[in-house]
Amino acid sequence: MINLQNLLSEATSNTTLLLGSVVILLLTYPLTTLTYNLLLHPLRHFPGPVLHRASALPWALRHALGTSAFHTQKLHARYGPVVRIAPGHLSFTSPRAWHDIYNALPRDGGSVWPEMPKSKVFTSATDDQEESIIQAGFHEHARLRRALAPGFSDAALRVQEPVLRGYVDLLVGKMREKCEEGGGAVLDMEQWYNWATFDIAGDLVWGRAFGCLEREEYHPWIAFIMGTLKAAAAMVSIIYLGGRWLVRILFKTVGQKSILTLRRMTEEMVSHRLAMEKGKDDLFEGLVKHREEWSLSLEKFSSNGLILTLAGSETLATSLCGMTYLLLENPSTMETLTRELRAAFESADDITVKAVSRLPYLTAVINESLRMYPPVVADLIRVVPPEGKQIAGHYVVGGTFVEVQPWSINHSPDNWVDPWTFNPDRFLPSEDEAREAGNVLEASQAFSWGPRNCLGRNLAYAEMRLILARLVYEFDMKLGEGSDNWIGRQKTFPLWDRLPLNVHCTPVRRG
């Protein structure tokens, strides 16, 4: 006869054993993982703080809070040109690392990988996300890049110049209107630059302006996108810690409405662009030409249009803000640039893309600003292929996250004399002469490196030169109240979470 009391006792004992085993597992697994990361991990010989070498949590928390890049720079200052910033994650500040990490891998090296790929931890929050040129694999990326390249050619830039100059005229005109009463005005240049660059991107990508400058406000589509940056950084941190399942739940619940809203707004933009006549000389035409041949979906157009818009506007506005702040913080440098510009042109009509490209000090100011305040500070992360790779003289095992963080490499004393000093003169000599003086110019790569470097580099330089030249030519400027330590008070996600940049602008009177 079955003894019920014995069965209950045995069941209780088994349950206690099971619960005890779970508790022991929960307690020992983290300890075992930490011990392995510190003592047995293949990257154990690379320097870094104990907490970073033991756990991914410190990096993830700082990434979500927008302070990771600044902290990594401090780690490099303490530990040297290579730092283990998480158990399986290395950061480099050697200029050689640009080549070793971001170049295509040699075909005769026995590697089945044509390049070090990006990780979906940092590029894809959801499994069903349509890949843009940013997330695409090597061969798909090359195909998309070839299609888009004609829109960024010198010939295309000549066609696009009237568009650029038209919006710069509008920017200057609107600013002058604000300055009419009292001979000057304090303007938030963070907004004005963003409105101008988004209008230009809207015209060059979508065939129509967003109307930001005219209305002096953001288009709803733009405002919606900009509001997602902090959330995106938090999602990356969660996935980095192994919580992709949680991100899926968040997207399907609280994020579903936002995703659908963004998708609807973007697809409306795409439909409007695709309805235009063929043969437009804009940045999207290269994909439109291959629409039927490649069976490109509306989602594919949308994802790439979104990237082209952000890359052609947000980062440019950031760069222009940085240039303006750094110039106004350094009056002698601003005076030198002002002399160059106002001596070079008799009127604003003479300020063309070709003319400003010939001004050496203007270009040096832009390059030094991009070094001091890079538009993207970090997260250019690649995954080492299974067979491992030599990076800047160090063997790194397969599966490791590796990167060059622009903020760190641009402020390393190994690469620059007085790296925290704004000094455009360092970019005036040749690379060899600069190196002899202690400045490794190739360390600063604002447009990245290798086959995935920024396709719009020439267009970006044309816009930056044109806008900065016109404003310095047309206005006397000085920092307004509340703009002190403008860079030091910001965070990055990893794009800058910019603060208002108040500038007192006084129109220059001529004739």
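The values are calculated or read from the model by the stated rules, or taken from the named source; none is laboratory data. Only a predicted model underlies this, so the values are computations on that prediction, with no experimental measurement involved. Quick reminder, even Gly has a Cβ in these numbers, built from the backbone with ideal geometry, and neighbours come from all protein chains shown.
Tell me, which residue of the range 194-248 that is among the polar types (S, T, N, Q) and over 30 Å from residue 169 (Cβ atoms) is modelled with the highest pLDDT?
Of the residues in the range 194-248, the ones among the polar types (S, T, N, Q) are 194, 197, 228, 237.
Those left that are additionally over 30 Å from residue 169 (Cβ atoms): 228, 237.
Values: 228: 75, 237: 92.
The qualifying residue modelled with the highest pLDDT is 237.
Test each condition in (1) touching a helix residue (DSSP H, G or I) at 6+ places or on another chain (Cβ under 7 Å); (2) among the hydrophobic types (A, V, I, L, M, F, W, C); (3) in contact (Cβ under 8 Å) with a residue 24 or more places away in the chain for residue 296 and report the one that comes out false.
Of (1) touching a helix residue (DSSP H, G or I) at 6+ places or on another chain (Cβ under 7 Å); (2) among the hydrophobic types (A, V, I, L, M, F, W, C); (3) in contact (Cβ under 8 Å) with a residue 24 or more places away in the chain, only one is false for residue 296: (3).
Need the failing condition index for residue 400 against (1) closer than 27 Å to residue 240 by Cβ; (2) of a type in the set (S, T, N, Q); (3) free of Cβ contacts under 8 Å to residues at least 12 places away in the same chain, just the number.
(3)
Starting from the range 179-201, take each residue that is within 22 Å of residue 166 (Cβ to Cβ) and list its partners that are part of a strand (DSSP E or B) and β-branched (Val, Ile, Thr), counting only C-beta distances under 8 angstrom and pairs at least six apart or across chains.
That search, which allows pairs on different chains as well, returns 179/506; 187/503; 189/503.
If I filter the range 417-439 down to residues being surrounded by fewer than 15 Cβ atoms within 10 Å (Cβ to Cβ) and of a type in the set (S, T, N, Q), which single residue comes out as farthest from residue 325 (Cα to Cα)?
Selected residue: 430.
Need pairs with beta-carbon distance below 6 Å; first residue β-branched (Val, Ile, Thr) and within the range 126-148, second at pLDDT below 85; sequence gap 6+ or separate chains.
If the second residue must be at pLDDT below 85, the pairs left are 126/251.
State yes or no: is residue 268 surrounded by fewer than 19 Cβ atoms within 10 Å (Cβ to Cβ), part of a helix (DSSP H, G or I) and acidic (Asp, Glu)?
yes
Within the range 334-366, track down each residue that is farther than 25 Å from residue 162 by Cβ and exposed (fewer than 14 other Cβ atoms within 10 Å of the Cβ).
335, 339, 343, 360
Return a yes/no flag: does the range 472-481 have any residue that is over 26 Å from residue 341 (Cβ atoms) and either part of a strand (DSSP E or B) or touching a residue at least 24 places away in the same chain (Cβ under 8 Å) (or both). Can you show your working first?
Taking the range 472-481 first, the residues over 26 Å from residue 341 (Cβ atoms) are 481.
Adding the requirement that they be either part of a strand (DSSP E or B) or touching a residue at least 24 places away in the same chain (Cβ under 8 Å) (or both) leaves 481.
Within the range 472-481 (the criterion being over 26 Å from residue 341 (Cβ atoms) and either part of a strand (DSSP E or B) or touching a residue at least 24 places away in the same chain (Cβ under 8 Å) (or both)), the answer is yes, since at least one residue qualifies.
Of all residues in the range 480-511 being over 19 Å from the mean Cα position of the chain (by Cα) and among the charged types (D, E, K, R), which is farthest from residue 227 (Cα to Cα)?
Per the criteria, the residue is 510.
Restricting to the range 271-287, give me the number of residues that are free of Cβ contacts under 8 Å to residues at least 40 places away in the same chain and closer than 15 Å to residue 208 by Cβ. Explain how you work it out, then say what you get.
Start the filter on the range 271-287 by keeping residues that are free of Cβ contacts under 8 Å to residues at least 40 places away in the same chain, which leaves 271, 274-275, 277-279.
In the following step, the residues that additionally are closer than 15 Å to residue 208 by Cβ were identified as 271, 274-275, 277.
So the answer is 4.
On the basis of being more than 24 Å from the chain's Cα centre (by Cα) and either at pLDDT below 90 or closer than 21 Å to residue 505 by Cβ (or both), does residue 189 make the cut?
Working: more than 24 Å from the chain's Cα centre (by Cα): no; either at pLDDT below 90 or closer than 21 Å to residue 505 by Cβ (or both): yes.
Against the criterion (more than 24 Å from the chain's Cα centre (by Cα) and either at pLDDT below 90 or closer than 21 Å to residue 505 by Cβ (or both)), residue 189 does not qualify.
If you go through the range 337-371 one residue at a time, how many are in contact (Cβ under 8 Å) with a residue 60 or more places away in the chain and within 30 Å of the chain's Cα centre (by Cα)?
19
So which residues in the range 266-281 are touching a Phe, Trp or Tyr at 6+ places or on another chain (Cβ under 9 Å) and at pLDDT below 80, if there are any at all?
none
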